[in-house]
Amino acid sequence: MIRRMKLKISPQLAFGLGVLIVGGAWLSFEYVLAKWYPRYNLARQEAAMNLLPYQNGRLGIQMEVAACIYGKVQDFPGGVKIYRSGLMSAGPTLTITSEANPGQSDQFSPQLLARWETRGDYRDIPEYRFDPSPIEGRNAAMIWQGQGPGMLITAHIISPAYIVRADCSTGGSNVSLYAQACEASLRTLLVAGPPTQAKTPPGVLKLEPVGR
């Protein structure tokens with residue numbers, strides 16, 4: 001009769017095997033964190049910042065919208081809402097409204113620009129910033145302001161035909177990425193209408209050609 005031999009593992013050997021297995025798993029996890037995840041995260045961010053074309057003849061606009069924002073499109077009277085739902089919190093939202101420009105001016109008034117510039121101070125708005133730089137050749141102003149845990153970035157753009165306002169909200173998660181996506185998208189906003197007239201610098205006499 002053949003006797004079966006039982007393999008006995010000492011407690012010391014079992015402990016050593018356990019340490020070896022756990023250590024190997026931890027090294028594998030560290031490799032994933034150190035090597036694979038940064039490349040994955042970079043590729044994910046680059047894909048999120050990829051700009052996709054959007055145009056709306058009804059509003060007189062065309063632009064490029066970051067892929068991390070460009071999800072669903074919802075039209076409403078006088079505007080459009082482009083948004084992507086978040087998993088655990090509100091996702092990024094781009095809301096654009098457009099109206100006819102009755103005065104046909106291609107410049108915002110100095111009084112209006114001054115009001116936008118100082119609004120953060122007298123309303124005590126957190127993270128308020130104002131930039132009156134042109135956007136795609138049009139007179140414009142961009143405003144950054146805190147919005148709960150996130151950020152709201154607004155672009156005001158004027159052409160002789162349209163006055164456009166675009167509000168881009170980051171939502172409450174990944175605020176840094178969505179703020180970059182909002183700004184990149186807003187700076188591509190092209191508003192239809194006659195060309196904006198070039199402003200003559202102060203003190204420079206603009207001479208018109210004289211017919212012969």
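What follows draws every value from the coordinates through simple rules; no lab data is involved. For clarity, every value in this text was computed on a predicted model and none was experimentally measured. Quick reminder, even Gly has a Cβ in these numbers, built from the backbone with ideal geometry, and neighbours come from all protein chains shown.
Note the full-extension length gain between Q62 and E136 as 0.36 nm times their separation in residues minus their Cα-Cα distance, in nm to one decimal. All intermediate terms of the calculation are to be shown ahead of the outcome.
Numbers: separation 74, 0.36 × 74 = 26.64 nm, distance 1.07 nm.
In short, 25.6 nm is gained.
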S109 versus K72: modelled label distance in nm, points set 7 Å from Cα along the beta carbon direction: 3.9 nm
